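K.L.:
Got a structure for you, written out below as structure tokens; questions coming shortly.
The values are calculated or read from the model by the stated rules, or taken from the named source; none is laboratory data. Because the structure is predicted, anything quoted here is derived from the model rather than measured. All Cβ positions, glycine included, derive from the backbone under ideal geometry; neighbour counts span all protein chains shown.
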Amino acid sequence: MRATPQEQFQQLLQTLRAALRDGEQFTLGFSAEQSQFIRFNHAKVRQAGVVSQASAQLRLVDNGRQAEQQFTLCGDAELDQQRLHDALKQLRQTLPLLAVDPYLSLDDSAWQSHSLQQQALPDPAEVLALVEREAAELDLVGIYAAGPICRGFASSFGAFGWHEAVSFNFDWSLFHANGEAVKANYAGQSWDAAAFVERLRLAREQLAYLGLPGVLLKPGSYRAYLAPAAMDEIAGMLCWGGFSAQALATGNSALQRLYSGDAQLSPLVSISEQVSGSLSPAFSDEGSQRQDLQLIAEGRGLQRLVSARSAAEFKLAANGADSYESPCALSLAPGELATADILQRLGTGLYISNLWYLNYSDLPAARMTGLTRFATFWVKNGEIQGPVSTMRFDDTLYNLLGQQLEALTAERELILSTSTYGQRQTGSSHLPGALVKAMTLTL
Amino acid sequence: MFDSSALLRQRFAALRSTAEVFSLRHVKQSYQGLAVRRNVAQPPFFNQDEGAMLTVRINGVEAYAATADLSQSGLQRALEQAEALARQIARHSLLDLSTQAVPSERHDHVSPNFIQPLPNLADCLGLLAAESASVPTDNRLVDWQASLGISEVEQTYLNSAGAELRHAQRFLFPGMGVTASDGQDSQSRSLGRDNFGQQGGFEIIERCGLIGAATQVADQALQLLLAPNTPSGKRDLLLMPDQMMLQIHESIGHPLEMDRILGDERNYAGTSFVKASDFGQLQYGSNLLNVTFDPTIAEELASYSHDDDGTAASKQFLIRQGRLLRPLGGALSQFRSGLDGVANSRACSWNRAPIDRMANLNIEPGEQSLAQLIGGIEQGILMRTNRSWSIDDARNKFQFGCEWGQLIEDGQLKGVVKNPNYRGISAQFWRDLSAVGDRSTFEVLGTPNCGKGEPNQVVRVGHASPACVFSQIDVFGGDA
């Protein structure tokens with residue numbers, strides 16, 4: 001009988017502890033998944049497969065020096081233990097070649113964390129039958145990704161964390177014959193066919209609006225509503241070093257003027273890293289317990305994400321951030337705008353469902369550019385007039401979420417990461433929509 | 001090299017399958033990442049990864065299973081998983097591949113200087129530390145880093161038709177970056193990093209120019225901090241190769257990917273403003289535009305003999321004298337579309353299936369020296385080194401930004417400007433190509449970070465280009 005992922009991790013840990021020499025310290029990370037991937041195009045299966053993968057990440061510390069090795073695990077206990085010994089050997093050969101690391105900082109607490117969420121997923125045949133029944137006449141394109149994900153962490157100081165969750169993420173678009181499209185997603189840990197059908201119905205409703213005659217806009221300044229999925233793209237840009245202690249200390253953060261007090265956002269804006277209750281592991285890749293943090297409070301920069309290394313380098317207190325100091329569960333506090341009132345409050349302007357491909361045109365000024373994508377509508381006097389083809393915006397965060405921010409919605413969406421680079425990601429964001437008085441379109 | 005071959009061959013031969021065709025793609029790769037930041041060596045990072053993807057075709061329907069368990073039973077189990085899945089999806093499958101040809105070639109491809117030993121880790125760190133230490137002392141220089149990534153990949157493709165295709169490749173990614181800040185504004189200048197990588201040995205570090213570069217990179221970061229913003233308006237735009245690569249990548253490479261045109265990527269990476277009917281018809285750019293898929297430049301990142309589906313790779317013109325000729329479509333896309341394509345079906349590793357990707361996508365050199373290119377511009381701007389990229393999902397409306405700008409007036413290079421950005425529309429932009437640099441301006445570059453696909457994949461792509469001039473482009477600066 002094959003070992004479970006947790007048994008596999010514990011066997012490795014046992015081997016590592018037995019092999020450790022006096023003076024050596026370690027951290028051992030573990031990551032595994034069994035994934036079912038089904039790609040759709042034209043509501044048919046374009047590509048399907050299963051992926052079984054596991055890896056360990058060993059950091060060896062000795063005499064003030066450290067190095068890391070990641071290695072793939074094959075599931076054969078003897079072979080995996082040999083790979084662990086090989087990694088240990090390489091790291092032991094490496095450490096003497098290094099200078100003492102002045103920023104080496106280890107969390108020496110013996111924390112314990114255990115999270116196990118094991119709901120059953122549907123058989124892929126059930127998902128396929130549902131798509132066939134409910135979407136056969138639609139031009140549906142996207143991916144269904146599902147299966148268990150495991151993350152583990154242990155240290156020579158006695159810390160031990162285990163996170164195991166079964167989840168699914170069905171991310172799809174419906175295309176109108178005119179090329180316009182609406183995006184939808186159904187993700188979580190407990191599959192409910194009725195909930196999927198309801199999401200599909202809502203997307204289908206929006207699709208009808210996409211058939212209206214298109215509206216051509218010229219570059220200029222427009223009143224706009226940004227739906228939570230569009231806000232997620234903006235939030236994603238801020239996660240790209242915005243809150244990082246290292247980036248803030250070295251001129252590489254888009255929020256450096258906010259955190260220096262030279263600029264501020266609207267008092268409506270309060271952003272936190274809300275790890276508790278999220279789908280992310282309760283521990284960081286560095287082996288610290290994550291913390292809930294208030295990053296922006298009523299428009300002013302407050303806490304930043306501080307890894308152990310940054311703490312040592314910039315003389316700050318570490319607060320459980322990952323080594324790359326990016327939020328894993330970003331939460332923007334809700335406002336008071338009722339969902340039912342969005343079109344009426346927008347009046348005349350753009351209803352933007354999604355944004356796409358954002359990047360900075362001037363990073364220190366938090367000026368970013370990007371494009372509308374999926375179901376962007378022109379609204380006049382609270383009525384949808386028709387879809388707007390792709391438009392580019394170029395504006396600063398201090399405008400969009402600063403002086404031009406009029407309201408945030410009272411309802412928020414929990415958006416689970418669809419990213420599958422290397423492995424299925426566990427990040428999420430919890431965001432309201434935003435009504436802005438003016439947004440600059442340039443192309 | 002190819003130490004696993006005999007065992008893989010033996011285990012593949014022992015697999016039992018009811019599929020009409022099945023294949024195994026084994027990938028073994030290692031990575032070593034070194035960096036010295038602000039004169040402190042960062043913890044070295046190593047990676048060892050190995051696994052295989054088994055793909056089956058049953059009644060014209062394909063499915064895959066990927067596993068790191070390379071034992072006989074592990075491979076057999078994965079094969080059977082793929083078979084079960086192929087049967088499960090049969091009724092829902094978009095494609096019937098019953099008549100698609102199956103490769104049967106046998107060939108080995110090895111990177112140049114693959115077996116040449118590289119300097120040891122201590123020497124590499126010493127080199128990076130020396131560069132880091134060469135950054136001058138100046139309070140405004142707040143961050144700098146010298147780095148070197150080394151990746152070795154061995155891949156073996158075997159199939160039931162008798163194909164055996166092996167690749168052994170080594171990739172180096174040297175880089176240097178410096179950030180200058182005055183507390184309000186910050187400006188960065190870099191060499192290499194995401195804009196440079198090649199196949200081969202230590203000669204790549206010399207070709208990159210990393211050794212001895214720190215002083216100049218730091219000086220340029222400081223120059224940018226003091227420079228005025230790029231003025232707004234229409235100007236002739238001279239793009240150097242380390243921005244041309246991004247321009248080629250986003251507004252020629254992605255729109256020509258056949259799987260986008262066929263709709264596979266519409267939910268994620270996007271579609272294309274190019275239609276299947278445009279091939280052979282569309283005037284994509286001016287007569288000066290010659291674009292090739294070229295796997296024959298040995299040091300370029302995506303030079304290979306066969307792609308990951310086993311199709312033999314050869315140099316092909318995608319665009320000749322501005323006319324669009326063929327897409328970036330591998331064997332499957334060619335089968336689906338009926339168009340001639342190239343060997344660009346690629347996967348990032350053993351755990352992802354091949355899809356249409358860019359590989360080496362180059363612009364052929366023209367006839368003008370850099371001095372002639374500059375001399376031919378009355379009012380213009382030179383931009384180099386990409387730092388920002390954004391383009392719509394049909395790969396048409398773009399806005400790109402560079403680290404370094406220099407105005408050109410009356411045929412002469414003038415002052416440095418910061419935050420050089422420009423925007424345009426792909427369908428028009430290449431028709432504004434007015435001059436192409438000669439071989440003396442031609443550089444072989446590439447990036448390790450091209451993302452696409454569901455599930456997501458990042459692959460290495462090569463771009464070689466001369467410097468090029470575009471007429472009357474909308475340029476602008478930043479807010480600072």
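K.L.:
Those residues that are within 22 Å of B:Arg395 (Cα to Cα), among the aromatic types (Phe, Trp, Tyr) and modelled with pLDDT of 95 or more, I need them from segment A:355-390; list them, please.
P.N.:
Once the filter is applied, which keeps residues that are within 22 Å of B:Arg395 (Cα to Cα), among the aromatic types (Phe, Trp, Tyr) and modelled with pLDDT of 95 or more, segment A:355-390 yields A:Trp356, A:Tyr357, A:Tyr360, A:Phe377.
K.L.:
Exactly one condition in (1) surrounded by fewer than 24 Cβ atoms within 10 Å (Cβ to Cβ); (2) within 30 Å of A:Gly287 (Cβ to Cβ); (3) facing chain B (nearest Cβ under 7 Å) is not met by A:Val51; state its number.
P.N.:
All conditions are met except number (1).
K.L.:
Something else: In segment A:143-159, which residue that is over 14 Å from B:His92 (Cβ atoms) and of a type outside the set (A, V, I, L, M, F, W, C) is nearest to the other protein chains (Cβ to nearest Cβ)?
P.N.:
Checking each candidate, the answer is A:Gly147.
K.L.:
Is it the case that segment B:198-213 has a residue that's in the same structural domain as B:Asn386 (by TED's automatic domain parsing), more than 30 Å from B:Ile377 (Cα to Cα) and of a type in the set (S, T, N, Q)? Step through it out loud before you land on a result.
P.N.:
Here is the first cut: in segment B:198-213, the residues in the same structural domain as B:Asn386 (by TED's automatic domain parsing) are none.
Checking segment B:198-213: not a single residue is in the same structural domain as B:Asn386 (by TED's automatic domain parsing), more than 30 Å from B:Ile377 (Cα to Cα) and of a type in the set (S, T, N, Q).
K.L.:
Looking only at segment A:408-429, decide whether some residue is within 13 Å of A:Ser266 (Cβ to Cβ) and among the aliphatic types (A, V, I, L, M).
P.N.:
Yes, some residue in segment A:408-429 is within 13 Å of A:Ser266 (Cβ to Cβ) and among the aliphatic types (A, V, I, L, M).
K.L.:
Which numbered condition in (1) more than 10 Å from chain B (Cβ to nearest Cβ); (2) crowded, with 22+ Cβ neighbours inside 10 Å; (3) touching a Phe, Trp or Tyr at 6+ places or on another chain (Cβ under 9 Å) is the only one that A:Phe26 fails?
P.N.:
(3)
K.L.:
Of (1) facing chain A (nearest Cβ under 9 Å); (2) of a type in the set (Ser, Thr, Tyr); (3) under 23 Å from the mean Cα position of the chain (by Cα), B:Ser30 satisfies all except one. Which?
P.N.:
Checking B:Ser30 against (1) facing chain A (nearest Cβ under 9 Å); (2) of a type in the set (Ser, Thr, Tyr); (3) under 23 Å from the mean Cα position of the chain (by Cα), the one that fails is (1).
K.L.:
Additional query: Just checking, how many residues over segment B:131-178 are in contact (Cβ under 8 Å) with a residue 12 or more places away in the chain and outside any strand (DSSP E or B)? Even if it seems obvious, please write down each step before you answer.
P.N.:
Initially, segment B:131-178 is screened for residues in contact (Cβ under 8 Å) with a residue 12 or more places away in the chain, giving B:131-136, B:138, B:140-178.
Filter once more, so that each one left must be outside any strand (DSSP E or B): B:131-136, B:138, B:140, B:160-163.
Looking only at that region, the number is 12.
K.L.:
Residues of segment B:270-313 being surrounded by fewer than 18 Cβ atoms within 10 Å (Cβ to Cβ), of a type in the set (A, V, I, L, M) and under 29 Å from A:Arg373 (Cβ atoms), which ones?
P.N.:
The answer is B:Ala276, B:Leu282.
K.L.:
Looking at A:Asp80, A:Asp107, A:Asp76, which one is touching a helix residue (DSSP H, G or I) at 6+ places or on another chain (Cβ under 9 Å), within 12 Å of another protein chain (Cβ to nearest Cβ), in contact (Cβ under 8 Å) with a residue 60 or more places away in the chain and over 23 Å from A:Phe168 (Cα atoms)? Write out each step before concluding.
P.N.:
Numbers: A:Asp107 fails: within 12 Å of another protein chain (Cβ to nearest Cβ); A:Asp76 fails: in contact (Cβ under 8 Å) with a residue 60 or more places away in the chain.
Every option except A:Asp80 fails the conditions.
K.L.:
Same structure, new question: If you take the residues in segment B:94-121 that are within 14 Å of chain A (Cβ to nearest Cβ) and within 19 Å of B:Glu152 (Cα to Cα), which one is surrounded by the fewest Cβ atoms within 10 Å (Cβ to Cβ)?
P.N.:
B:Asn120
K.L.:
Only strands (runs of 3 or more DSSP E) wholly contained in segment A:358-434 count here; list those with 1 or more residues that are in contact with a Lys or Arg (Cβ under 8 Å, 6 or more places away or on another chain) and under 14 Å from A:Asp232 (Cα atoms).
P.N.:
Filter on segment A:358-434 gives A:367-380.
K.L.:
Restricting to segment B:398-407, what's the tally of residues that are surrounded by fewer than 24 Cβ atoms within 10 Å (Cβ to Cβ) and in contact with a Leu (Cβ under 7 Å, 6 or more places away or on another chain)?
P.N.:
Summing the residues that are surrounded by fewer than 24 Cβ atoms within 10 Å (Cβ to Cβ) and in contact with a Leu (Cβ under 7 Å, 6 or more places away or on another chain) in segment B:398-407 gives 1.
K.L.:
When segment B:415-429 is examined, which residues are found to be away from chain A (no Cβ under 12 Å) and within 24 Å of B:Arg189 (Cα to Cα)?
P.N.:
Result: B:Gly415, B:Val416, B:Val417.
K.L.:
Give A:Ala282, A:Ala311 a once-over and let me know the one that is more than 24 Å from A:Val166 (Cα to Cα) and hydrophobic (A, V, I, L, M, F, W, C).
P.N.:
Exactly one of A:Ala282, A:Ala311 is more than 24 Å from A:Val166 (Cα to Cα) and hydrophobic (A, V, I, L, M, F, W, C), namely A:Ala311.
K.L.:
I've got another one for you. Looking for something part of a strand (DSSP E or B), within 14 Å of another protein chain (Cβ to nearest Cβ) and surrounded by 23 or more Cβ atoms within 10 Å (Cβ to Cβ) - is there at least one such residue anywhere in segment B:189-198? Give the steps one after another, and end with the answer.
P.N.:
Start the filter on segment B:189-198 by keeping residues that are part of a strand (DSSP E or B), which leaves B:189-192, B:198.
Within this subset, residues satisfying the condition of being within 14 Å of another protein chain (Cβ to nearest Cβ) are B:189-190.
If we keep only those that are surrounded by 23 or more Cβ atoms within 10 Å (Cβ to Cβ) too, we end up with B:189-190.
Among the residues of segment B:189-198, at least one is part of a strand (DSSP E or B), within 14 Å of another protein chain (Cβ to nearest Cβ) and surrounded by 23 or more Cβ atoms within 10 Å (Cβ to Cβ), which makes the answer yes.
K.L.:
While we're looking at this one, here's another question. Looking at segment B:441-480, which of its residues are more than 22 Å from the chain's Cα centre (by Cα) and among the hydroxyl-bearing types (Ser, Thr, Tyr)? Don't jump to the end; show me each part of the working.
P.N.:
Taking segment B:441-480 and keeping what is more than 22 Å from the chain's Cα centre (by Cα), we get B:469-480.
Once the filter is applied, which keeps residues that are more than 22 Å from the chain's Cα centre (by Cα) and among the hydroxyl-bearing types (Ser, Thr, Tyr), segment B:441-480 yields only B:Ser471.
K.L.:
Taking the condition within 14 Å of chain A (Cβ to nearest Cβ) and closer than 25 Å to A:Gln70 by Cβ, does B:Ala129 pass?
P.N.:
Values: within 14 Å of chain A (Cβ to nearest Cβ): yes; closer than 25 Å to A:Gln70 by Cβ: yes.
When the stated conditions are applied, B:Ala129 passes them.
K.L.:
Regarding segment A:201-216, can at least one residue be identified that is of a type outside the set (Phe, Trp, Tyr) and touching a helix residue (DSSP H, G or I) at 6+ places or on another chain (Cβ under 8 Å)? Talk me through it step by step, then tell me what you get.
P.N.:
First, the residues of segment A:201-216 that are of a type outside the set (Phe, Trp, Tyr): A:201-208, A:210-216.
Still in the running and touching a helix residue (DSSP H, G or I) at 6+ places or on another chain (Cβ under 8 Å): none.
Among the residues of segment A:201-216, not one is of a type outside the set (Phe, Trp, Tyr) and touching a helix residue (DSSP H, G or I) at 6+ places or on another chain (Cβ under 8 Å), which makes the answer no.
K.L.:
Shifting gears a bit: Count, please, the residues in segment A:401-430 that happen to be within 13 Å of another protein chain (Cβ to nearest Cβ) and not small (Gly, Ala, Ser).
P.N.:
So the answer is 6.
K.L.:
Could you identify the single residue in A:Ile342, A:Ile352 that is assigned to a helix (DSSP H, G or I) and either touching a Ser or Thr at 6+ places or on another chain (Cβ under 7 Å) or at pLDDT 95 or above (or both)?
P.N.:
Every option except A:Ile342 fails the conditions.
K.L.:
Sticking with this structure for a sec: Regarding B:Gly446, is this residue buried (at least 22 other Cβ atoms within 10 Å of the Cβ) and either in contact with a strand residue (DSSP E or B) (Cβ under 9 Å, 6 or more places away or on another chain) or farther than 12 Å from B:Leu237 by Cβ (or both)?
P.N.:
When the stated conditions are applied, B:Gly446 passes them.
K.L.:
Can you name the condition, by its number, that B:Leu332 falls short on among (1) hydrophobic (A, V, I, L, M, F, W, C); (2) under 22 Å from the mean Cα position of the chain (by Cα); (3) not in a helix (DSSP H, G or I)?
P.N.:
Just one mismatch for B:Leu332, condition (3).
K.L.:
Within segment A:241-259, which residues are part of a loop (DSSP other than H, G, I, E, B) and either surrounded by 23 or more Cβ atoms within 10 Å (Cβ to Cβ) or away from every other protein chain (no Cβ under 12 Å) (or both)?
P.N.:
Hits for segment A:241-259 are A:Gly242, A:Phe243, A:Thr250, A:Gly251, A:Ser253, A:Ala254, A:Leu255.
K.L.:
If you don't mind, another one. Would you mention how many residues in segment B:227-273 are in a loop (DSSP other than H, G, I, E, B) and either under 19 Å from A:Val141 (Cα atoms) or within 13 Å of chain A (Cβ to nearest Cβ) (or both)?
P.N.:
Total satisfying the criteria: 14.
K.L.:
Determine whether segment B:307-315 contains at least one residue that is part of a strand (DSSP E or B), more than 14 Å from chain A (Cβ to nearest Cβ) and closer than 30 Å to B:Ser111 by Cα.
P.N.:
Step one: of segment B:307-315, the residues part of a strand (DSSP E or B) are B:312.
Within this subset, residues satisfying the condition of being more than 14 Å from chain A (Cβ to nearest Cβ) are B:312.
The next check asks that each one be closer than 30 Å to B:Ser111 by Cα; those that pass are B:312.
The answer is yes; a qualifying residue exists.
K.L.:
Shifting gears a bit: Please enumerate the residues belonging to segment A:203-219 that are assigned to a helix (DSSP H, G or I) and surrounded by 12 or more Cβ atoms within 10 Å (Cβ to Cβ).
P.N.:
A:Ala203, A:Arg204, A:Gln206, A:Leu207, A:Tyr209, A:Leu210
K.L.:
Is one or more of the residues making up segment A:288-306 within 14 Å of another protein chain (Cβ to nearest Cβ), outside any loop (DSSP other than H, G, I, E, B) and over 29 Å from B:Phe45 (Cα atoms)?
P.N.:
no
K.L.:
For A:Asp62, only one of the following conditions fails: (1) crowded, with 22+ Cβ neighbours inside 10 Å; (2) under 30 Å from B:Val40 (Cβ atoms). What is its number?
P.N.:
For A:Asp62, the failing item is (1).
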